[in-house]
Structures are given as structure tokens and as C-alpha cells.
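Presented below is the structure to which this report refers.
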Amino acid sequence: MQLPSEYLKKKSATLRPVQEVAVILFSALLVAAGLNLFLIPHQLLSGGISGVASIIGYLTGWNISIVYFVLNVPLILWGWKAVGRRYIVLSCISVVATTWFMAIIPIVSVTHDPTLGAVAGGIISAIGIGFSLRVGGSTGGFDIVGSIITRKYDLPIGNILFVLNGLVFIVLGFYKTWDLALYSLLSTFVKGKVVDVIHVGHIKVTCFIITKEKDRMLAELRKLHHGITCMDSQGGYSQVGNSTLMTVTTRYELAAVRKAVITTDPHAFMNVVQSTEIVGRFARGHSK
């Protein structure tokens, strides 16, 4: 007969990938809806590869969803090597799903005001991007570039995306009108701020883990590529010896740490506190 903890471990391992894919699909739906219902009807850009695809579509009449998919292929190949397989697999699912949703959602103007379209489109797309990043994937395009940069440097990914998108808006201004470029800039500014609210990969936290399964816990935590400090400790009431492990990670990777702790030792105690400053080398984790 299975113990409750063993059953919960197996159940969690079974449901987790399904939940992640479900979030990725819902995120792709939001990104496609933001484009087709708010931005594309006004010939605005969301920035990034979708923005480049939109410019090509506006100038040539080609199908924007197909152009979006083709432009993502080289970035996905780059991300496979630089970021990790799991991240790219989820990103591939997102790109294919976004392409499909863009093909089936009609291009209809929900609002006739381009300002409202820019803001609403930016917010809706940002929610999709943010939740996709939180489960360890992306919506492709410049999100992959931004994720590569933010894993090496402690920078908010929303700010990175905002800078990367600047060139796209300059091109739009020259080929169309500067009004459209500025509306698109507004959309991307809003999107960057919302993404940073949802995606918190640049925020660091310190985890204190008290466990009796020191060796097994260390083996799991070492897979996350962060330093770990081990201390012997004793329960104040029980006076039973334990091991206390301390590791610094990011809010982005906190879910992976929590999962490793719970599956390794369901009876472990973990305290998470936000770190205001880190002095010294901080190794950023990588998806596998």
C-alpha cells in the first residue's frame, strides 16, 4: 500500500507538466488575442518578433502568423543551446499555439481608439508573457533573448524587452507613421511594466531548509546550480538534531526549489525571505 507522501509525490509529478502546458496554452491565447483584437486592427506593434512579423505583414500582405512562426525558428535554436531543453520545449509549444490562435482568432477592432487599443493590447499580451515566463517557458521571439540576458545579469526582463523593441518602432516610424510608432511604444512600455510585476526573475530570496534528509536534499538542490551552506541544528523543543541548508535563489526559480524540497522530504521545514542585497558571485540557475 502506498504511503500518503509517496502518492502525493507521484500525483504532483504527473500533474505538474500538464499544468505547465495548460498555462502556456492559455498564455498563447492571451498573446494572440492582444494582437488580433487590439494591436493589429490599428496596425500597432507589440514589439519583438511579433512586431517584426507585423511590419512584414503590413508591407507585404503576407500572413502575420506564419511570418511570426518562421522568424522564431532561429531564436528557438539559439535558446536550445543557451537556456536549456525544458525552457525551449515550452517555448516551442507557446510559439505553435500562438501561431494557431492568431490564425483562428478574427482580426476585429474591439476599440476604435488607438490609445485604448495600445494599452489594452499591451496589458493582455503582457499577462500572457508573464505567466508563460513564470512556469519556465516564454512566448518566443525577444522573450528568449531577454531570458538569456536576465539569467546572466540581474536586470528586469521587462526593461530588456523594452530596449530590444526600440529598433522595431524606429522602423515602423519610417515605413508607416510616427503616430503608430509612438502608440506602439506606449503599448510596449505598458507591457514591460506588467511583465515585471508578474515575472520576478531578478528578485533574489534566501531559503532556509530544515531537514533530516541532508544528503538526498543536497543532491536535489545541487541540480539548481546555486551554492548551498550546511549547518547542524537542533530542535528547540524536541532537542532532536537536524540539518539546516541555506541557499540563495531567485523568485523565478523558487518554485523549482519548493518542488525539490517537498518531493525529497515532505516533513522538511522551509523559510523563504527576500534578499535585499547580494555581495559576491551569484550563480544563476539554468533550465534543463
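The values are calculated or read from the model by the stated rules, or taken from the named source; none is laboratory data. Everything numeric here is computed off the predicted structure, so don't read it as measured data. Remember, those area values only see protein heavy atoms, side chains included, never the ligands or the DNA or RNA. Shrake-Rupley method; radii C 1.70, N 1.55, O 1.52, S 1.80 Å.
For segment 183-245, report the translational diffusion coefficient in µm²/s to the nearest whole number, using Stokes-Einstein at 25 °C, 0.890 mPa s, and a Kirkwood Rh over Cα pairs. Using the Kirkwood radius from Cα pairs, D works out to 163 µm²/s.
Extension gain, Trp100 to Val18: 0.36 nm times the residue separation minus the Cα-Cα distance gives 27.6 nm. Binning the alpha carbon pair distances of segment 91-150 at 10 angstrom intervals from zero yields the distribution 20, 45, 30, 6, expressed in whole percent. In this structure, the pairs whose alpha-carbon distance is over 23 Å, taken from Lys193/Lys223; Lys191/Lys259; Lys212/Lys259, are Lys193/Lys223; Lys191/Lys259. Each Cα pair under 8 Å and six or more residues apart adds its separation to the average, and for segment 190-252 the resulting relative contact order is 46 percent. Separation of segment 52-124 from segment 18-39 is 10 Å, based on Cα centroids. A probe of 1.4 angstrom, applied to the heavy atoms of all protein chains, finds Ser233 with accessible area near 40 square angstrom.
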